[in-house]
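Down below is the structure, laid out as structure tokens.
The values are calculated or read from the model by the stated rules, or taken from the named source; none is laboratory data. Note that this is a predicted model, so its numbers are computed, not measured. Glycine also receives a Cβ, built like all others from the backbone with ideal geometry; neighbour counts cover every protein chain displayed. Protein only, heavy atoms only, side chains kept; ligands, DNA and RNA dropped before computing areas. Shrake-Rupley method; radii C 1.70, N 1.55, O 1.52, S 1.80 Å.
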Amino acid sequence: MSFFGSKKLLGLDIGVSSIKLAEVEISRNGVTLISFGFTPTPEGSITGGEIVDPFSVASAVTSLVKQTRTKIKKACTAMWGSAVITKKISIPKIDEKLLPDQLKWEAEQYIPFDIKDINLQYQILRNIPPPNAEQMNVLLIGAKRDYVLRYAEVVETAGLECSIIDVAGFALANCFLVNYPDYEDKSIVVLNVGAGVTNFVVIEKSEATFSRDIAVGGNTYTSDIQRTMNVSLQEAEGLKVSASTGQAVPQEVTDAINQTNELVAEEIRRSFDFFLATSAEAHIEKIFVTGGGIGTPGLFEHIKNILNLPLENFNPFVNVRAARTFTQEYLHQIAPYAGVGIGLAMRQEGK
């Protein structure tokens, strides 16, 4: 599903640590990954989901397009961070043609931005029963317009056409639904622990009904190790990676990671509790986890224990096949990073 904006599109996942690009082929036989690449995000170019240096990011995207040798010129990218707000609301049932005007008024109550400064979109949640027969459930999505324009500027400056700007959490949901059809009638959570934020997405009956970006991720660990060890950020990142790959590190590093695990798990629990408080009827059956940060020693267990729910690693290649050019080893390596990009690449113009 999209909320902002040949039918084949590149999926461009612009994160604070890395930029991922995915190209897929969609046919009657399903979805096939044709190409995938990633490159480091220029340092300091993105802060909290805001692109502060569009030229540097565009240059990195240009290099990535050349690296993957794709011929596709249209792209779908995604916003994330505090500039994007989603809210499920129930309103009196009205003619769908009248919804845009009605929701502008509703948005002023629920979206904490000036209505004049946002791009506002909505999705009718047809699979989610409203409180009563006289109401309808709608998902509101508001994004700061200047942030939207920065993402579009990056894509266009990189020589691509920006066809769709989506929301990272919903792209993740798209990828999940293709890979796990057995959960189409159930309620689950997908957590994507990235470098700068953790995407928290609730999928109920095949519809994304809640999305929040929690301001914790891999960089939280790096900062905490830096403070504990009194080293540079680069050295702290190296120590974090060493710990994550099973190499020997000082006990102080292990202690810092354990303390940060508690912090990250607690922030995730707060978002989970907030969702439950606003959706008392929801019954979450399982948590799926992905992202580079989920490989941090002990984090999986901390999340599982604090939420007291089954946890499973999200595999974006359960039903998404890959071209023969990809080895199983490479697919296993990129799996934690590929969900959003593949979800974006599966989008088609006009759908």
Answer yes or no: is there a residue in the stretch 182-194 that is open to solvent by 10 Å² or more (accessible area, probe 1.4 Å), in contact with an Asp or Glu (Cβ under 9 Å, 6 or more places away or on another chain) and either among the charged types (D, E, K, R) or part of a strand (DSSP E or B) (or both). yes
What number of residues in the stretch 1-14 are modelled with pLDDT under 95 and over 19 Å from V178 (Cβ atoms)? 3
Quick check, is T47 among the β-branched types (V, I, T), within 16 Å of G194 (Cβ to Cβ) and either touching a Gly at 6+ places or on another chain (Cβ under 6 Å) or modelled with pLDDT of 95 or more (or both)? no
Checking F274 against (1) of a type in the set (A, V, I, L, M, F, W, C); (2) surrounded by fewer than 21 Cβ atoms within 10 Å (Cβ to Cβ); (3) at pLDDT 95 or above, which single condition isn't satisfied? (3)
I'm trying to understand the selection: among the residues of the stretch 219-233, which are buried (at least 19 other Cβ atoms within 10 Å of the Cβ) and over 25 Å from the mean Cα position of the chain (by Cα)? I225, Q226
Taking A282 as meeting all but one of (1) closer than 24 Å to Q123 by Cβ; (2) under 18 Å from the mean Cα position of the chain (by Cα); (3) surrounded by fewer than 21 Cβ atoms within 10 Å (Cβ to Cβ); (4) not β-branched (V, I, T), write down the number of the exception. (2)
